[in-house]
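Worksheet: one structure, shown below.
The values are calculated or read from the model by the stated rules, or taken from the named source; none is laboratory data. The model shown is predicted, which means the values in this text are computed figures rather than measured ones. Using ideal geometry, Cβ is built from the backbone for each residue, glycine included, and neighbour counts are taken over all protein chains shown. With ligands, DNA and RNA removed, areas are computed over all heavy atoms of the protein, side chains included. Shrake-Rupley method; radii C 1.70, N 1.55, O 1.52, S 1.80 Å.
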Amino acid sequence: MSALPLLAALLAEALPGLTLRDWSLPAGDLLPWLPSVRAGIADPAALEPGERALLAGFRQRGEPLLGLDPIADAAADPAWEAAERLVWGAEGEPGALVLLRGRAGPLPEEIARIKLILGVRTAPESFELLLPAARLPALFERLRASAHSLAGPGWEAGGRALTPRLASLGLLAPIGAPLPVGRPDPVGLPQDLPEPAVLGGQARARLLLGALPAGTRLRLRFAGAEPGPVALLLDGLRQPTTAEAGGWLAARTASGSGQAAVLGLAWPGNAPAGLRLASIEVGG
Amino acid sequence: MESPRPPLLMAGPLPPARNGIADYAAALLGALSAEYDCFAACEDWLAEAPPGVRVVDPALAHRLPLGGRVLHQLGNNPDHGFVLRLLRRLPGVVVLHDPGLLHLHESTGEARETILAGMRHAAPRLAATYARHLREEGFSTRANHLLFDLAGEVLVRSTAVVVHSRFAARRLALTHGAAAAAHVAVIPHLLPPGPLPDRAAARARLGIGEGEFLVVTAGFAAAAKRLDWVLAALEGLPGMRWIHAGGVPPALAPRLAGRAQVTGHLEEAALADHIAAADALVNLRFPSLGESSGILARGLAAGTPCLVSDTAAYAELPREAVLHLPLAGGAVALAEALAALRAAPERRAALGAAGRRHAEAEMALSVIAARYAEVIEAARDRPPAPPPEPVLLRLRPDRAGIAVALSGRAGPCRLLIEAEPASLVTLSLAPEGLPAALLPPEALLRAVSWRPDGLLLDISLPG
């Protein structure tokens with residue numbers, strides 16, 4: 001089990017209105033777990049040609065993925081004007097908090113760190129949140145309160161501020177405990193549709209879901225029309241699906257390659273007029 | 001459980017695409033499945049792959065653990081645009097069903113610069129004159145399709161190339177040089193899986209009378225299949241019945257209407273019935289660039305007497321297995337041959353039997369699949385030739401000097417503008433922008449990057 005759903009839930013609870021830039025593609029670690037993630041590639045030169053061509057085909061709210069088009073990257077991004085901004089998978093941007101896996105190296109005087117120990121009790125994962133030292137007390141308290149709010153029976157949650165520049169917080173689930181479900185916004189996900197989440201009249205569509213462990217449950221719900229004989233593909237290969245109560249179409253990821261999972265939808269002919277993708281759920 | 005067979009990706013159209021290469025690919029995939037764990041990269045994600053073969057989105061094919069086993073099926077029509085694009089990202093063995101490829105490039109939106117570069121690569125001297133219409137006026141003539149094959153890029157990017165005739169292999173070597181074509185192998189066209197229908201049963205299903213002499217042409221009636229010759233030949237042979245088992249271009253349909261029965265595109269079983277029922281399968285080509293014919297393979301397999309043009313790949317077929325028609329003879333030679341066949345049933349039977357023997361010996365699916373496996377395995381560790389580096393010119397940021405340096409050059413070119421950053425910043429503030437401040441108007445700027453020793457510009461020049 002990955003601790004990322006828990007990390008995302010903790011951030012969403014503690015930082016309402018958070019905007020996040022996930023620079024970890026081709027993995028896309030946090031993309032599936034938060035609704036307002038802008039995806040990017042920190043090192044596009046390292047992409048192999050096929051992966052670069054694949055990622056270049058996606059648009060997120062009409063824009064290319066960050067890191068692939070310097071001109072588009074330099075354009076104003078109203079979403080990035082949010083009060084609380086967070087960067088994952090890159091060194092940071094002015095005014096934004098930085099979240100990373102493992103441990104950051106030495107930090108300047110004015111930067112503090114909150115160590116986050118998250119996941120299942122038998123396999124905890126370690127992250128660090130880097131922030132201005134002046135913000136540590138307030139932000140740590142919000143995170144601690146959120147951890148207690150998320151914790152269920154049998155969970156361990158708690159932490160403390162050790163110095164003005166260092167705090168530590170743990171949130172550990174017992175084995176088998178249900179973890180938070182990710183609900184990425186179908187309109188906000190990177191995709192190759194001419195109009196985000198609008199499927200009607202299209203023969204096929206690709207959406208970039210982000211990193212999903214093998215066997216992750218995926219559920220889709222459509223609106224606007226009956227979806228008809230839709231085929232669901234993950235990472236380019238057709239998967240068996242089941243219809244679930246409430247109009248959900250469910251499948252499971254076959255392999256966790258470490259690269260962002262790509263959801264494909266295809267119809268013989270075209271998707272019915274008016275059809276759109278209304279909801280996506282991952283995990284659970 | 002892990003599959004003991006190594007993985008293999010085949011890229012190409014599959015049924016229900018109305019494309020002979022789709023049928024070919026499906027047949028070959030089925031046979032290769034015995035040896036490999038096959039995936040089929042197909043633009044139609046819902047295409048009909050043989051049992052046990054999984055269709056994969058070509059955009060994600062690079063993520064499969066293929067171990068260097070990739071087989072591209074490339075033909076000269078827009079159904080193969082995704083194969084060409086995939087080859088550029090995922091090198092492998094290419095089956096070049098038609099060495100032409102100009103129509104593929106033109107019909108799939110390839111950049112004019114790419115097409116012109118391919119023409120220059122194929123025939124530099126011819127390109128100077130015969131590419132003029134495209135270069136200067138933006139249109140392509142039919143002659144271009146014969147003069148320029150545009151297979152140069154495929155030769156460079158592939159780990160091996162398979163063609164179906166020695167003619168095609170020789171043509172590639174003569175056009176592009178022996179070294180560029182050193183990795184070309186010849187594997188004959190394959191026979192479709194399963195037996196063709198019995199002649200009598202097929203004729204009964206189609207309502208062909210015992211005494212009727214049935215001439216069949218088949219497939220999409222492109223101009224090179226010379227249905228005009230067939231039409232002229234059969235005007236003098238009113239007792240013969242002619243069925244065209246396939247589609248025809250709209251311009252040709254009215255001309256055929258009074259003489260031929262045109263079925264339109266047929267599913268495999270119906271197509272096989274028509275071919276098996278025929279007293280003569282006429283499969284002409286002129287001009288030919290060395291393309292192969294699945295229709296002819298079916299005709300040979302069925303034991304149907306086949307008449308072909310004595311040219312290109314067809315000229316390589318044994319004289320006893322098919323009836324070769326001289327190109328110079330045109331409709332007259334065809335009419336004489338058909339009349340002779342009608343008058344000699346024993347000759348028809350001998351011709352059909354010899355054709356079937358040849359096909360079973362040389363074109364059996366299992367034999368062909370084994371030869372493909374040999375090529376695929378041999379090519380695994382052979383990297384594709386590195387693409388040629390564009391010429392690098394080191395120049396000062398002087399527009400007139402750059403124009404002189406570029407004069408007479410054509411195609412891709414790389415300029416290193418050696419200057420202090422400050423002077424380049426000044427140039428970039430010119431009202432028309434940096435490219436116009438440095439480059440002649442005909443130069444197309446493709447990429448810009450900054451290096452410690454200057455500004456690197458990748459450009460493309462016409463011509």
Global form of the range B:331-375, assessed from the alpha-carbon gyration tensor, a/c cut-off 1.5: oblate
Chain-alone versus full-assembly comparison, the range A:199-241, residues with accessible loss of at least 20 Å² (1.4 Å probe): A:ARG204, A:ARG206, A:LEU233, A:ASP235, A:GLY236, A:LEU237, A:ARG238
Taking chain A as a Gaussian network, where each spring joins two C-alpha atoms under 10 Å apart, which residue of A:LEU162, A:LEU55, A:LEU209 fluctuates the most? A:LEU162
How far apart, in nm, are the 7 Å Cα→Cβ label points at B:SER366 and B:ARG409? 5.9
Assigned charges on the beta-carbon of Lys, Arg, Asp, Glu; the range A:4-173 dipole about Cα centre (debye): 580
Classify the range A:79-124: rounded, prolate or oblate, from the alpha-carbon gyration tensor (a ≥ b ≥ c, eigenvalue square roots; a/c under 1.5 rounded; otherwise prolate if a/b is larger than b/c)? oblate
With a ≥ b ≥ c taken as the square roots of the eigenvalues of the C-alpha gyration tensor of the range A:204-282, please select rounded if a/c is under 1.5 and otherwise prolate if a/b is larger than b/c or oblate if it is not? prolate
Placing +1 on each Lys and Arg Cβ and -1 on each Asp and Glu Cβ in the range A:79-118, then taking the dipole about the Cα centre, the residue among A:ILE117, A:ALA82, A:LEU99 whose Cα reaches farthest towards the positive end is A:ILE117
Could you work out the relative contact order of chain B, using alpha carbon pairs under 8 angstrom and six or more residues apart, expressed as a whole percent? 13
Give, rounded to the nearest 20 debye, the magnitude of the charge dipole that the protein assembly as shown has about its Cα centre when Lys and Arg contribute +1 at Cβ and Asp and Glu contribute -1 at Cβ. 520
Beta bridges per DSSP with both ends in the protein assembly as shown, % antiparallel, nearest 5: 55
Given Cβ charges of +1 for Lys and Arg and -1 for Asp and Glu, the option among B:ALA11, B:HIS176, B:ALA202 whose Cα lies farthest towards the positive end of the dipole of chain B is B:HIS176
Once label points are set 7 Å from the Cα along Cα→Cβ at both A:ALA245 and B:GLU420, what is their separation, rounded to one decimal in nm? 7.7
Whole number in Å², please: accessible area per residue of the range A:68-150, 1.4 Å probe, ligands, DNA and RNA not counted. 51
Full extension from A:ALA203 to A:ALA45: what is 0.36 nm times the residue separation minus their Cα-Cα distance, to one decimal in nm? 53.7 nm
Most mobile of A:LEU143, A:LEU18, A:LEU47 per a Gaussian network model of chain A (Cα springs, under 10 Å)? A:LEU47
Taking the alpha-carbon centre of each part, the distance from the range A:139-217 to the range B:257-275 in Å is 59
Positive end of the dipole of chain A, charges at C-beta (+1 Lys, Arg; -1 Asp, Glu), about the Cα centre: which of A:GLY210, A:ILE175, A:ALA14 has its Cα farthest in that direction? A:ILE175
Nearest 100 Å² is fine: how much accessible area is buried between A and B, summed over both sides, with a 1.4 Å probe? 1600
Residue with peak Gaussian network fluctuation, chain A [Cα springs, cutoff 10 Å], from A:THR163, A:THR19, A:THR241: A:THR163
Percent antiparallel among DSSP beta bridges confined to chain B, nearest 5, equals 25
With a 1.4 Å probe and every protein chain kept in, tell me what percent of the accessible surface of the protein assembly as shown is carbon plus sulfur. 57
Over the range B:391-461, give the accessible area per residue in Å² for a 1.4 Å probe, as an integer. 55
The size of the Cβ-based charge dipole (Lys, Arg +1; Asp, Glu -1) of the range B:391-461 about the Cα centre, to the nearest 20 debye, is 180
At 222 nm, what value in deg cm²/dmol follows for the protein assembly as shown if DSSP H runs of at least 4 each add -39500 (n - 2.57) and the sum is divided by all its residues, to the nearest 500? -8500 deg cm²/dmol
